[in-house]
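Colleague: The structure under discussion is supplied below as C-alpha cells; questions concerning it will follow.
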Amino acid sequence: MDLGEGLRKAIAKLTRATIIDAKTIKEFNKDLQKTLISADVEVSLVLQFSKDIEEKALRSKPPAGLAPTDYITNIVYEELVKLMGGTFTPKLQKQRILLAGLYGSGKTTSSAKLAKFYQDRGLSAGVICTDVSRPAAYEQLETLAKQANVGFFGIKGEKDPVKIVKQGLAALKDKHVVICDTSGRSALDDALITELKAVNNAFSPDEKFLVINADIGQVAGRQAREFNNAIKLTGVIVTKMDGSGKGGGALSATHAANVTVAFIGVGEKLSNIEPYDAQKFIGRLLGMPDIGSLVEHVQQAVKEANLKPEDMEMEELNFDSFYNQLKAMQGMGPLKNVFGMMGAPDVPKDVIEQGEGRLAKYKVIIGSMTKEERKNERLLHDTHRIERIAKGSGSNESDVHKLISDFNKMKKMFNSLKNDRNFKKKFAKFM
C-alpha cells in the first residue's frame, strides 16, 4: 500500500464513524502512524505529526456548518503540507544550475528534463557533461539532450571536469539556462567533495540542486545534509516519485534537513518533471482533483505531439481525429498520474496497465491503416482490410476488432454530446 492509498483509507474509515470522540481520533491517528511509518517517514516526525493532529482535533471545534470529519480531514491536510515542505517557484531567467548526486539517483536524466522544462517556457537551454567517472555518461547525456532538443557540450575522454566546465560555458554562452551534470559516487567521499567544490567554483552556479531517488526514503535527509555541508545546496530534486512507496519519507526527511524540494520527477518521459508544490502533492495523495496541473499536462502533450489547434477540433470523430487524441493522451505521462490529477487515484493498477498497453497498441494499429480507412471506418467491414492491418501492426485480428468496437462506442458518445451546443466550445477550450 502506498502513502496516498493508506491516507485515503484512514480518512474513509474516519468518515464512517458515527461519533467523533477522543477514542475515534486516537484510532485514526494509529492508522495514520502505520501509513506514514510504512512509507519510511522518520518515526520522530510521525509522532510529532500525530500529536499535533490529536491536539488540534480535540481542543478546537469545527466552524458552524462544517462536518467534524471534514474539519479533521482539513487538519490532516494542513499538517501533511507542513510535514512535506513548501512550494518552489522556478526563476524563469538567465541562470546556471549545478546538479549533484550519487550513483542511481537519476541525475543525468534530470539534467535533460530540467533543460527541457526551461526551454519549453521560452528559455534556450544547454547541458554540460562533467561526469568523468561513470562509463557512458557522455553518450547518455548527449542522447538525452538530442531528444530534448537542447544544447550539449562535453569532451569525450577528458578527465578534468574544470576544463570541461570552462570550455562548456564558452560553447553554450548564447543559452539562457546552462545545466552542469557532475560526477557521482556510491557514497559522498572526500574525492567527490573535492571535485564538486572545484566544479562549483569554475561553474559559479545560481542554483545547486541535489538529485535524490525517492526510493531511499528517510536516508534523503542525511544525504541532503552531507551535500549541503559540502557545497551549500539551494534545493533538491526528488526523482521516481511516481512509483516509489518511500516518496513521502524522502520529502519529509529533506524538509526536516532544512533543504527546499525544488522539483519532483513523476515519470520516465523528459516532460515528466514539475516544480514541487506541497499543497498539490498532498491534495493528490488525498484524492483531491488538480485541474490546473491536468490542463497544463494536456497543453504540453498537445504541443509535444505537434498537433495544431485544428487537429483537436473534431467536427466528426474518425480514426484520424481519434489518433490525435491517443497521441495527446500518451504524452501526458503515466495514466496513474493523470487519474490522480482527476481526483481518482484509486483506479486499480491492472486497469491502468491494461489501459496504457491498449493505448500504445491502438496507436500502432491506426498507424497501419490507409488514409481512406482513417477517414471512413465503414471500409473496415472488409475482412481482407482487417487481416492486412493486423499483419502490418504486428497484432492479431481480434485486437483490430476490439479497437473498432471501442471506437464505435466513443463515436456514439461523441455524437450524443455533439448535440450540446456548448460541447465543442468547451472541448476545444479544454484541449
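Nothing in this text is a laboratory measurement; each read-out follows from the coordinates by a stated rule. Because the structure is predicted, anything quoted here is derived from the model rather than measured.
Colleague: Stretched out fully, how many nm does the piece from ASP21 to LYS412 gain, at 0.36 nm a residue minus the Cα gap?
Modeller: Gain on stretching ASP21 to LYS412: 135.7 nm.
Colleague: Please list, in order along the range 236-251, the HN-Hα scalar couplings obtained from phi with the Karplus expression 6.51 cos²θ - 1.76 cosθ + 1.60 (θ = phi - 60°), rounded to whole Hz, x for Gly and Pro.
Modeller: Result, rounded to whole Hz: 10, 10, 9, 9, 6, 6, 6, x, 9, x, 9, x, x, x, 5, 5.
Colleague: Against the 2.2 N^0.38 Å scaling, with N counting residues, where does the range 95-285 land? I'd like the Cα-based Rg ratio to two decimal places.
Modeller: Values: Rg = 15.4 Å, N = 191, 2.2 N^0.38 = 16.2 Å.
The range 95-285 yields a ratio of 0.95.
Colleague: By its C-alpha gyration tensor, with a ≥ b ≥ c as the square roots of the eigenvalues, how is the range 3-84 shaped: rounded for a/c under 1.5, else prolate for a/b larger than b/c, else oblate? Don't skip to the answer; put the middle values down first.
Modeller: Numbers: a/c = 1.77, a/b = 1.50, b/c = 1.18.
It is prolate, given that a/c is not under 1.5 and a/b is the larger ratio.
Colleague: Sticking with this one: Relative to the compact globular guide of 2.2 N^0.38 Å, what is the alpha carbon radius of gyration of the range 56-105, as a ratio? Spell out each step's value before the answer.
Modeller: Details: Rg = 19.5 Å, N = 50, 2.2 N^0.38 = 9.7 Å.
Its radius of gyration relative to the 2.2 N^0.38 Å reference: 2.01.
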